[in-house]
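Right, one structure below, let's go through it.
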Amino acid sequence: MPIIGTVGSSYYVPPEYALTATYNTSATHTFSNNTTTFAAYLIGGGTNGNAGSGNGGSGGYGSAAVAFQEVSVAGGSTATVTVAGAAGNSSLRLFGSNVNIASASYVEATSNVSGAITTSFSDRGNGGNMTAYGDNYPAGMGNAGNAGANGHTLTLNALGLPSIQWGGGGGGGGAGGRNANWSNSGARASFGGGTGGSPNGGNGGGGGGVGQSASPGYSNAAPGSAATVPGGGGGGGGGRSIGDAGWGPNLSNDGSGGAGAAGRILIYEK
């Protein structure tokens, strides 16, 4: 522990923050009896990825976040901790107040604490596009989905408070292959989905494939992956494969979007 200065002839060691609670679900937090100030990090819920629709589905947004420190509090008092589900809002409110001192969602993060730090959401990856559709177009492969943006980092400048990073945006799903005419030979594959933003927004699903004329063999698109880090966006689903020229359109199934991750609240006391 760093020594900052002296008081009289004795060394003075300043108090250091310590993590006292990590909340993944809503609860009532009770401050320790000897606590005089606290700090907190709030992460909202990431949004779900979108399903494919021939084109790949877009990924979900990674949440915004907020952090603050040096808020005075009476030892033994309580605070209402609300932790977001997917696409929801995380907030913290001290006992006896009807105003949140901080909140975070995938839309924005806010706080009425002086010196609080906020970040914006992490952008989602767009889904890949299917090649031009119609009887006279050649068969083609779908395009890959785009990667989701990485999560942001929050850093508070006080002893015992870490820098934290949370889930990024979800990757977009890949588009399905298409075959304009069954006389076109050869399977038409799809491209894979985009990667999720670091750390671990959901990856996009691959698009569906289309088989040869003698054995159409359409394959279904893959679903987007769920985000695995708090606040991350889910991956977009892959797009279905399509055929045409007298057969219809012939469709396989689109991939579903992956789930966005719930939020988290960390509380430090000293």
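Only strands (runs of 3 or more DSSP E) whose full extent lies in region 1-79 are considered here, and the ones with at least 3 residues that are at pLDDT below 95 are 5-7, 10-12. Residue count for region 80-116, restricted to those that are more than 18 Å from Ala261 (Cβ to Cβ) and hydroxyl-bearing (Ser, Thr, Tyr): 5.
The residue of region 109-125 that is farthest from Leu94 (Cα to Cα), among those that are of a type in the set (Gly, Ala, Ser) and assigned to a strand (DSSP E or B), is Ser122.
This table checks each residue for (1) at negative phi; (2) modelled with pLDDT of 85 or more; (3) hydroxyl-bearing (Ser, Thr, Tyr).
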{"site": "Gly172", "(1), (2), (3)": "yes, yes, no"}
{"site": "Gly176", "(1), (2), (3)": "yes, no, no"}
{"site": "Asn179", "(1), (2), (3)": "yes, no, no"}
{"site": "Pro199", "(1), (2), (3)": "yes, yes, no"}
{"site": "Gly211", "(1), (2), (3)": "yes, no, no"}
{"site": "Asn220", "(1), (2), (3)": "yes, no, no"}
{"site": "Ser225", "(1), (2), (3)": "yes, yes, yes"}
{"site": "Pro230", "(1), (2), (3)": "yes, yes, no"}
{"site": "Gly235", "(1), (2), (3)": "yes, yes, no"}
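The values are calculated or read from the model by the stated rules, or taken from the named source; none is laboratory data. Owing to the predicted nature of the structure, the values given are computational and were not obtained by experimental measurement. No Cβ is skipped: glycine too gets one built from the backbone with ideal geometry, and neighbour counts run over all protein chains shown.
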